[in-house]
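The values are calculated or read from the model by the stated rules, or taken from the named source; none is laboratory data. Keep in mind the model is a prediction, meaning the values are calculated, not measured. Every residue, glycine as well, gets a Cβ built from its backbone with ideal geometry; the counts of neighbours run over all protein chains shown.
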Amino acid sequence: MRNQKSMDLYARACELIPGGTQLLSRRPSKFAYGVSPVYAATAKGARFTDIEGREYIDWVSGIGAIILGYADPVVDEAVREQISRGTMYSINHELEVELAEHLIETIPCAEMVRYAKGGGDACAVAVRIARGATGRDKILFSGYHGWHDWYLAANLRADESLDQHLFPGIDPTGVPKCLEGTAIPFPYGDAAALADLLEQHRGEVAAIMMEPLRSEWPPEGYLAEVRKIASDAGVVLIFDEVSTGFRFSPGGVQPVLGVEPDMAVFAKSISNGYPMGAVVGRREVMEPASTMFISSTYWSDTIGLRAALTTLREVRRRNVPEQLDHLGKTLQSQLNAVAQETGVPVQCGGVSVHPQLAFDIEDGTLKRKVSTLYIQEMAKRGCHGYTSFYLNAAQGDAEVEQTIAAARDTFTLIQDGLDRGNIDDLLECELKVDVFRRLVS
Ligand SMILES: Cc1ncc(COP(=O)(O)O)c(C=O)c1O
């Protein structure tokens, strides 16, 4: 097997670690099983080397956590300097205030700030604050918001009408059944459906929690309508910006969308790979948190704070959103040109900072096989990723050039397989499994 060392290690992991990995998106079955890299050894800039000694361009960017590039010299130097002064103390550190000031200056809805250590963690804090501030329990949501009980409670009620909102493979095992009915999904893009749902639960809803967008721009006027619906009902509107992060602007996606939520949640790209999360919001909604029990030892560790402050300053100083927009558009147009050249039924679309390949193949099984074959062949040519691309600022011309050359070979092979009807023979791995599906994509 191509990745024998990694697969042996993964077999050991599965014996010792339930599920094998800590994050579902890192399961080898999400990629080309046995062909794609599984365990990293080192990473620098746009690339990593796995434990087999092979180098890859990383188009997953640490599942979105890396925005400047791996081992960014400025962020890492700031962190190293911080380490030399101690990383956490028995008392507080002024970085907490400095970072809060930066977030308040750059993010439109931010007037007060709380911290956390990750995305799901920060979403749970936001939900607690919204519930506490309103005295209501129910949460309407759209999108992916982490692993906590408040969110997975949605899957306790699994009737057919909710099928499109469920995450296949994610069972709410271990989530208290008494939470049934407290988290209710709504379909993205349909303001009338949201208004109906709110009417059905009139007076019981604390918050509307949503990813404002993921891979496509929202329908015209949709988010403004959501804003109005939330305001009219006195419900807290929370944007989960964990995935969009700071790729659209140094102030998150809000300034670009022109719609201000009451609260917003950030993690991942806020700190270029160091554990960190933040919940920001209007004073009126955030202030009640001062009397709620929301407290944890590591939320104010100075590594996360220093990494976040430095990353966000660098995002602004280096004009990273503009750079990523240009990179994404280049990738999209060149991939589309290669698709045309080779005849493969695929389009690269999505927002520029998160390009997505969509294979236009009706047969669902064949489409999965082709997607997996794409991941497999790209991996063999040193490009690690899904059929979508998370961008970071260390990716540049060399990465685009190598990726387009790999895509040309891969698309040619796929088209040949489609013409001959022998895609199965070309697969060297088990079929990629979609462990879960997000609500908005
Ligand atoms: C929109 C969104 N919210 C929350 C999370 C959860 O973040 P974490 O994995 O850091 O807990 C994710 C992770 O992918 C996400 O994309």
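Observations on the model:
- Residue that is surrounded by the most Cβ atoms within 10 Å (Cβ to Cβ), among those in region 7-30 that are in contact (Cβ under 8 Å) with a residue 40 or more places away in the chain and away from the ligand (no atom under 16 Å from the Cβ): Ser29
The rows are residues; the columns are (1) loosely packed, with under 14 Cβ neighbours inside 10 Å; (2) under 30 Å from Ser36 (Cα atoms); (3) modelled with pLDDT of 95 or more.
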residue	(1), (2), (3)
Thr49	no, yes, yes
Arg54	no, yes, yes
Ile66	no, yes, yes
Asp72	no, yes, yes
Asp76	no, yes, yes
Glu81	yes, no, yes
Ser90	yes, no, yes
Glu96	no, no, yes
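- With respect to the stated conditions, Leu357 is surrounded by 17 or more Cβ atoms within 10 Å (Cβ to Cβ), under 23 Å from Gly245 (Cβ atoms) and among the aliphatic types (A, V, I, L, M).
- Answer from Gly146, Gly132, Gly118 - the residue that is surrounded by fewer than 24 Cβ atoms within 10 Å (Cβ to Cβ) and away from the ligand (no atom under 16 Å from the Cβ): Gly132
- Any pair with Cβ under 7 angstrom, 6 or more apart, that starts in region 100-128 at a residue that is over 13 Å from Met263 (Cβ atoms) and of a type in the set (Lys, Arg) and ends at one that is within 12 Å of the ligand (Cβ to nearest atom) and assigned to a loop (DSSP other than H, G, I, E, B): Lys117/Pro275; Lys117/Met276
- One residue alone among Glu241, Glu225 is away from the ligand (no atom under 16 Å from the Cβ) and within 28 Å of Gly135 (Cα to Cα), and that residue is Glu225.
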